[in-house]
């Protein structure tokens, strides 16, 4: 086995595991599905690693994760819709003296997550790639496989929907 | 620039994706058009809210462990690497590289005595295996008074099970595991999304040993010896917090030793 290649892969690709998992969480809206798909995507990435030449490893991995997510969705279409939920051991042990500010922050965050979750996939992915992963338009265009003009118009429409879902588009009095 | 052109370019403007001259045109238009300015402010606020509010998830330990163990499989790479390249790589590798690469678990072979090398490999393997679904806990309880007696009759030792939840290391439970050819106690703690396995078994060496940290495959492993017990803590938690954990663990309770 080419142990050295695996080690190179681990060094170059594995640091982006959090980003890969974040994208999968948003695309699939389920933590267990996201884990399965990211594992599959990483093993796929290892098999395609020969084809990877010094580019941006993160965008390269995200493209594979994105394709694996879409394939997974097509295969499991309509199976279920799971609302994201705090489910980690550590998250149960929150401070019981949670302040009102924290509670408000938490509910705002929940509203935001709901707004994102209700976007169609093609809008959700550009939002996640831009606002969380902070990819350039060119990189998003490569990951999603659409022209930059399409990236731009999807971003514009997605943000418009989110602005109205979050009540940010109300005209201010001033 | 017309309002329509300005609105078309506005997302690219907010994302700083415009050419300098386009950027100047948009800026000039915004300075003179209140409607477009309002539109811009909504867009900028939306983008800011998303950037600040959206969760950046952390890949769970379980996922990392699954990926690492899949990558360690000899078949993980087979489909993309033709045999000639493999032999070339073998030739190119220096002697130490071959020794290190022949098994992922020979890390530290150069400076560790064989027994300890095996134990390090064993506790790491056991830690990774424990992260697979359904392998972590034989007894799940956050109460030391449930976990500690549970080991009675299952092992010839009574492991330390201090309460450390007040400093952010909640007890999750325990299990009996098999390390270095014997049954050992594994007591499990959590830290945020990290899992800490504390292994203990009676030592043949009575001399105490101060905790020392080693790192292997992204996991930190702390080994120490106290009152005739071999003690190991394994986690992908950062080394500093793991050492802090070990210090508090030691301070809270000393092992009662073999019975």
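The values are calculated or read from the model by the stated rules, or taken from the named source; none is laboratory data. All of these numbers come straight from a predicted model, not from anything done at the bench. All Cβ positions, even for glycine, are placed from backbone atoms using ideal geometry, and neighbour counts span all protein chains on display.
For the range B:156-207, a residue qualifies if it is buried (at least 20 other Cβ atoms within 10 Å of the Cβ), away from chain A (no Cβ under 14 Å) and assigned to a loop (DSSP other than H, G, I, E, B), and the qualifying residues are B:159, B:160, B:161.
In the range B:121-143, the residue that is nearest to residue B:237 (Cα to Cα) out of those that are free of Cβ contacts under 8 Å to residues at least 60 places away in the same chain and assigned to a loop (DSSP other than H, G, I, E, B) is B:136. Would you check if residue A:131 is at pLDDT below 95 and either outside the structural domain of residue A:28 (by TED's automatic domain parsing) or in contact with a strand residue (DSSP E or B) (Cβ under 9 Å, 6 or more places away or on another chain) (or both)? Considered against the rule, which asks whether it is at pLDDT below 95 and either outside the structural domain of residue A:28 (by TED's automatic domain parsing) or in contact with a strand residue (DSSP E or B) (Cβ under 9 Å, 6 or more places away or on another chain) (or both), residue A:131 comes out as no.
Summed over the range A:134-169, the residues that are buried (at least 21 other Cβ atoms within 10 Å of the Cβ) and outside any helix (DSSP H, G or I) give a count of 1.
Table: residues versus (1) modelled with pLDDT of 90 or more; (2) facing chain A (nearest Cβ under 7 Å); (3) exposed (fewer than 13 other Cβ atoms within 10 Å of the Cβ); (4) assigned to a loop (DSSP other than H, G, I, E, B).
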residue: B:17; (1), (2), (3), (4): yes, yes, no, yes
residue: B:23; (1), (2), (3), (4): yes, no, no, no
residue: B:42; (1), (2), (3), (4): yes, yes, no, no
residue: B:66; (1), (2), (3), (4): no, yes, no, no
residue: B:69; (1), (2), (3), (4): no, no, no, no
residue: B:73; (1), (2), (3), (4): no, no, yes, yes
residue: B:81; (1), (2), (3), (4): no, yes, no, yes
residue: B:89; (1), (2), (3), (4): no, yes, no, no
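Please specify each residue of the range A:146-159 satisfying the condition of being more than 7 Å from every other protein chain (Cβ to nearest Cβ) and free of Cβ contacts under 8 Å to residues at least 24 places away in the same chain. The answer is A:146, A:147, A:148, A:149, A:150, A:153.
Tell me, which residue of the range B:46-61 that is in a helix (DSSP H, G or I) and facing chain A (nearest Cβ under 7 Å) is farthest from residue A:156 (Cα to Cα)? In this case the residue turns out to be B:53. Considering (1) over 19 Å from the mean Cα position of the chain (by Cα); (2) loosely packed, with under 15 Cβ neighbours inside 10 Å, the lone condition that residue B:240 does not fulfil carries the number (1).
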